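Working notes, structure below.
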Amino acid sequence: MPTQRGHGDAGRPPSGYGLGDFSGDVSAFLDEVGLEAAVLVGSSSGGYVAQRFALDHRERTLGITLIGAPRSLRDKPAVAQFLETVRELSDPVDRAFAREFLEGTLSRPLPPAILETLVDESCKAPARVWTAALEGLLEAVPPTETGTITAPTLVLWGDRDEFLPSSDAEALAGAIPGSRLVTYEGTGHLVLLEDPQRVAAGVVALAERVAP
């Protein structure tokens, strides 16, 4: 599984944090591990990247699962407000900030060890990467406005997601012909962390359906 540039232990180049850059990184990763094509799974902004990849590399996209992913990040007051907060960050990124952000996306508590691991990983990204990555997402033209995704698509959404409105799930599914929208009751924005077994089962079912 790839780690997005600037995050975790990946390289932190001074530039290249646009949606197209991240899509290109996924293609390079498939080349590196010797995969002609794959089923992509993207959560939150990772789902934005998966949408871009599905349009940029149709022949390499067997299917995609979009988990709490936006159709568009334009005109989202909560996201714009979050960017202003991120622009005020300094290094090292405050653990309390990272923890508060993560907990604010959840509707139920995670096991402490998992939460602390997520905080650790979030704090590895320097403040400039937090800003550049978020600016790149906000500046990007929504992928579904640039073309039609044709890969089999599963859209997963938590009915307690307070970060992105539920209308986005319906709009995203409506913009991708033949996609299937599944709403998880009692889960927040990070569905895969709150209900991992059910998410895994859905991804496996999609992969088995589209496997060549």
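Quickly estimate the mean residue ellipticity at 222 nm for the chain, helices only: each DSSP H run with n ≥ 4 gives -39500 (n - 2.57), and the total goes over all residues, rounded to 500.
-14500 deg cm²/dmol
Can you compute 3J(HN,Hα) from phi for each residue in the range 131-139, using the Karplus curve 6.51 cos²θ - 1.76 cosθ + 1.60 with θ = phi - 60°, rounded to whole Hz and x for Gly and Pro?
My calculation for the range 131-139 gives 5, 5, 5, 5, 4, x, 5, 6, 7 Hz in order.
Once phi is turned into θ = phi - 60°, what whole-Hz ³J(HN,Hα) does the Karplus curve with 6.51, -1.76 and 1.60 give for every residue of the range 195-206, x standing for Gly and Pro?
9, x, 5, 5, 5, 4, 4, x, 5, 4, 4, 5
Restricting everything to alpha-carbon atoms, can you work out Rg to Rh for the range 105-201 with a Kirkwood hydrodynamic radius?
Rounded to two decimals, Rg/Rh equals 1.00.
How high is the relative contact order of the chain, in percent, counting Cα pairs under 8 Å that sit 6 or more residues apart?
Across the chain, relative contact order equals 25 percent.
Over the range 102-207, average the accessible area per residue using a 1.4 Å probe and give it in Å², no decimals.
Dividing the accessible area of the range 102-207 by its residue count gives 47 Å².
Give the residue from ILE149, PRO196, PRO112 lying farthest towards the positive end of the charge dipole for the chain; charges sit on Cβ (+1 for Lys and Arg, -1 for Asp and Glu) and the dipole is referred to the Cα centre.
Towards the positive end, the residue furthest out is ILE149.
Tell me which residues come under 5 Å, amide H to amide H, from VAL155 once H is placed; ignore anything under 5 positions away on its chain.
Residues meeting the amide H criterion: LEU66, ARG180, LEU181, VAL182.
Calculate the dipole size of the range 48-180 relative to its Cα centre from +1 charges on Lys and Arg beta carbons and -1 charges on Asp and Glu beta carbons; express the result in debye to the nearest 20.
Using Cβ point charges on Lys, Arg, Asp and Glu, the range 48-180 gives about 380 debye.
Alpha carbons only, please: Rg and Dmax for the range 82-145, in angstrom.
For the range 82-145, the Cα radius of gyration and maximum Cα-Cα distance read 13.3, 40 Å.
Quick one: pull the percentage of alpha-carbon pairs in the range 1-139 with a separation above 22 Å.
Here the long-distance tail beyond 22 Å is 42 percent of all Cα pairs in the range 1-139.
Per 10 Å bin, what is the whole-percent P(r) computed from every C-alpha pair distance within the range 7-72?
Percent of Cα pairs in each bin: 21, 54, 25, 0.
The values are calculated or read from the model by the stated rules, or taken from the named source; none is laboratory data. None of these values were measured; they are calculated from a predicted model. Heads up, the Cβs are rebuilt from the backbone with ideal geometry, glycines too, and the neighbour counts pull from every protein chain shown. For accessibility, only protein heavy atoms count, side chains too; no ligands or nucleic acids. Shrake-Rupley method; radii C 1.70, N 1.55, O 1.52, S 1.80 Å.
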